[in-house]
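Reviewing the structure listed below.
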Amino acid sequence: MVTLTRIYTRGGDKGQTSLGDGARVPKHALRVEAYGTVDEANAVIGLARLNTAGDADGMLSRIQHDLFDLGADLCTPAAAGEPPGSALRMVAEQVTRLEREIDAMNDGLSPLTSFVLPGGTAAAAHLHLARTVVRRAERLMTHLAETETVNPLAVAYANRLSDHLFVLARHLNAQGSGDVLWVPGCNR
């Protein structure tokens, strides 16, 4: 359980922050960029939820909780020989849940005949924005993984989540009929 009694600590006033293991790093460290971008995606999903209800809102609520798990995973570097359960890590079930939801939503959609432009309903537009932020987080995570240990399931979750947000945006755009499709060269 997290207990916050004081919001500011002054600990970051000189450009450093603490990771989950207590290590101090620059606020611009790649690991901090990665979990900060995950937090940004979560905020955009919060905006999308202003325009959702029912099953879609339930999925997004679960995703928001998962994104806090993902941030916790990323902010705590893996220690050599880390015992299972010593740190909050993404697990396979979180990835497979996204896959099941993607498959269920996609079953009701028409096949795409063009790329989809971000837009449609307000919820879909926000989900497209969230998708792009998740893709940026994924790029930062894979960059980080070149030099530091990153949970492979964290990367898999981000990869699957961007697909989920895309399919959910189509689903909310009247099951795809309200998608805004790209017309190549239409302004030539």
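All of the numbers you see were taken from the coordinates with simple rules; none came from a lab. This one's a predicted model, so the numbers in the text were calculated from it and none came from an experiment. When we count neighbours, we look across all protein chains shown, and the Cβ atoms used for this are built from the backbone with ideal geometry, even at glycine.
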If I build a Gaussian network model for the chain, linking alpha-carbon pairs within less than 10 angstrom, which residue out of 130, 169, 23 has the largest mean-square fluctuation?
23
Listed by chain and number, the residues whose amide H is under 5 Å from that of residue 17, excluding neighbours fewer than 5 places away on the same chain and using placed H, are 25, 27
Equivalent ellipsoid, the chain (semi-axes from 5 times Cα gyration tensor eigenvalues, Å)
33, 18, 17
Summing Lys, Arg as +1 and Asp, Glu as -1, what charge do residues with Cβ under 9 Å from the Cβ of residue 124 carry, residue 124 excluded?
0
Under the Karplus relation with 6.51, -1.76 and 1.60 and θ = phi - 60°, whole-Hz ³J(HN,Hα) for the range 96-101, x at Gly and Pro, equal 5, 4, 4, 4, 4, 5
Just the C-alpha atoms of the range 84-188: what Rg/Rh do they give, with Rh taken as the Kirkwood radius?
1.06
